[in-house]
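The values are calculated or read from the model by the stated rules, or taken from the named source; none is laboratory data. Computed from a prediction, not measured in an experiment: that's the story for all the values here. Because the Cβ atoms are built from the backbone with ideal geometry, glycine has one as well, and the counts that use them run over all protein chains shown. These area figures cover heavy atoms from the full protein model, side chains too; ligands, DNA and RNA do not enter into them. Shrake-Rupley method; radii C 1.70, N 1.55, O 1.52, S 1.80 Å.
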Amino acid sequence: MGFDWKSIVSSVAPVLGTALGGPLGGVAARAAMDALGITPGADDAENEQKLAAALSGASPDQLLALKKADQAFARDMASLDVDLEKIAASDRASARQREVDTGESPALLAFVVVAGFFSVLYTIAFVELPTGAQQPVNILLGALTAMLTQVGNYYFGSSKGSAMKNRLLARLNNGTR
């Protein structure tokens with residue numbers, strides 16, 4: 001399994017992360033690439049490789065640029081009256097319906113993610129790690145944190161606070177309070 005760059009985008013830039021999984025995925029990926037200073041490649045696979053490479057070693061300044069791109073993207077979507085939360089809710093509903101139709105459940109995977117997160121957190125807090133092991137463990141914790149967010153969103157949906165944030169951004173963009 002390769003580096004999950006989409007989880008990093010979702011953690012740092014949740015509006016772009018939401019858009020990546022839907023019909024505006026190309027636009028969101030382009031915004032992320034622009035924020036990270038990446039020249040687009042010939043196709044989606046090359047662009048994904050470039051994003052994964054950039055995000056695997058992203059500096060705080062690059063992550064801040066990605067966060068700013070997320071805020072600009074949210075304003076742009078609000079001005080175009082695009083409801084990313086509705087698109088994301090529809091996507092979650094179809095995933096849940098697939099679970100009902102096939103009888104397959106991601107519950108085991110969700111359990112592994114939750115257990116893994118707390119195991120790594122425990123390890124960082126109470127186990128003295130050998131030299132050179134801290135960075136890989138931190139990377140693992142970051143990936144598990146992103147996955148934990150996705151597990152929560154799958155089972156509980158997007159937070160009401162996210163919807164309130166979108167309404168506030170829309171009002172601020174229109175100059176009202």
For A69, all conditions in the list (1) over 13 Å from V12 (Cα atoms); (2) open to solvent by less than 30 Å² (accessible area, probe 1.4 Å) hold save one; what is the number of the exception?
(1)
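Return the only residue of P40, P23 being open to solvent by 20 Å² or more (accessible area, probe 1.4 Å), closer than 23 Å to Y154 by Cα and part of a loop (DSSP other than H, G, I, E, B).
That would be P23, the only listed residue that is open to solvent by 20 Å² or more (accessible area, probe 1.4 Å), closer than 23 Å to Y154 by Cα and part of a loop (DSSP other than H, G, I, E, B).
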Residue pairs qualifying under the 8 Å Cβ cut-off, at least six apart or on distinct chains, with the first in region 139-158 being at positive phi and the second being of a type outside the set (S, T, Y) and open to solvent by 70 Å² or more (accessible area, probe 1.4 Å), are none
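Taking the condition of being part of a loop (DSSP other than H, G, I, E, B) and not polar (S, T, N, Q), how many residues in region 52-70 meet it?
Residues that pass the stated criteria total 2.
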Spot the failing condition for P14; the list is (1) in contact with a helix residue (DSSP H, G or I) (Cβ under 6 Å, 6 or more places away or on another chain); (2) within 19 Å of L141 (Cα to Cα), and only one is missed.
(1)
Out of all the residues in region 27-37, is one or more within 22 Å of L144 (Cβ to Cβ) and either open to solvent by 50 Å² or more (accessible area, probe 1.4 Å) or assigned to a helix (DSSP H, G or I) (or both)?
yes
